[in-house]
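Before any comments, here is the structure.
The values are calculated or read from the model by the stated rules, or taken from the named source; none is laboratory data. From a predicted model like this one, the values you see are computed outputs, not experimental measurements. Cβ atoms come from the backbone with ideal geometry, glycine included; neighbour counts cover every protein chain shown.
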Amino acid sequence: MDPKKRYEKERLDGKQQRLLIILEAAERVLTLKGIEKTTMQDIANDANIGVATLFRYFPKKEKLIVALATKLLEPLLERFQYVAELPISCLEKLEKLFDFFIEDHNNLSVKFMVDFESYASHSSEPLEDILTFNSLNRKISREYSRIIQNGIEDGSIRSGISVKDTLTTVINTFGLFSKKLSLQKNILLLESDLETDYQLAILKKILLDYLKA
């Protein structure tokens, strides 16, 4: 490789590696302290870089927050794409998506994503770079639309209901409930020995039994 090209490649690789370090540090700090209480200095300290270096990558805290939210949303898109492509029935695809939410609800990043959604919804102006995040959400919706269409065509979903409206409500309900349990696992609302995983498994069975043809 030409020395100049090799140098440029190494420089770009180094920038990408540092960007990853910054995003990983941001995830740790923002999850622990919350968006409002976290400073750029906090993140720089965790990443073991100078705050001036951090500002070269992200001139505003808001840009870093959106970049992290976008990064954390990417695995969800990949999972929906994977499930949509599987040669199985719509009902079986829904079960796999439910299993993903159950597996993921104890992930600490869920706390940040809930905080981010609240932060974005209370912002008086659209967040900078939010279009990239919204674009990912639209891609997830398109993949789920493919699964819904599968349910309309394959006969695995019972008749007498609006498949599109029902499946949209079902996935939203399960996703929101899994987030709620993730946030409240250390808060006792009712006298109960039920583990959060078990509660999600019960809801999964209720929904699948309702949908099954």
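Some notes on this structure:
- Residue match in segment 148-162 (condition: among the acidic types (Asp, Glu) and either within 16 Å of the chain's Cα centre (by Cα) or buried (at least 18 other Cβ atoms within 10 Å of the Cβ) (or both)): no
- Every residue from segment 56-69 that is of a type outside the set (Gly, Ala, Ser) and either surrounded by fewer than 19 Cβ atoms within 10 Å (Cβ to Cβ) or under 12 Å from Leu20 (Cα atoms) (or both): Arg56, Tyr57, Pro59, Lys60, Lys61, Glu62, Lys63, Leu64, Leu68
- Flag if Thr173 is modelled with pLDDT under 90, out of contact with any strand residue (DSSP E or B) (no Cβ under 9 Å at 6 or more places or on another chain), surrounded by fewer than 18 Cβ atoms within 10 Å (Cβ to Cβ) and among the β-branched types (Val, Ile, Thr): no
- All of Leu200, Leu189, Leu207 fail the test of being at pLDDT below 95, out of contact with any Phe, Trp or Tyr (no Cβ under 6 Å at 6 or more places or on another chain), surrounded by 12 or more Cβ atoms within 10 Å (Cβ to Cβ) and closer than 29 Å to Phe112 by Cα, apart from Leu200.
- Put simply, of Lys111, Lys71, Lys63 the only residue that is part of a helix (DSSP H, G or I), within 24 Å of Gln184 (Cα to Cα) and of a type in the set (D, E, K, R) is Lys111.
- Residue in segment 87-106 that is of a type in the set (S, T, N, Q), out of contact with any Phe, Trp or Tyr (no Cβ under 8 Å at 6 or more places or on another chain) and part of a helix (DSSP H, G or I) present: no
- Inside segment 68-126, residues that are over 20 Å from Gln149 (Cβ atoms) and of a type in the set (A, V, I, L, M) make up a count of 10.
- The residue of segment 79-108 that is modelled with the highest pLDDT, among those that are of a type outside the set (A, V, I, L, M, F, W, C) and crowded, with 20+ Cβ neighbours inside 10 Å, is Lys93.
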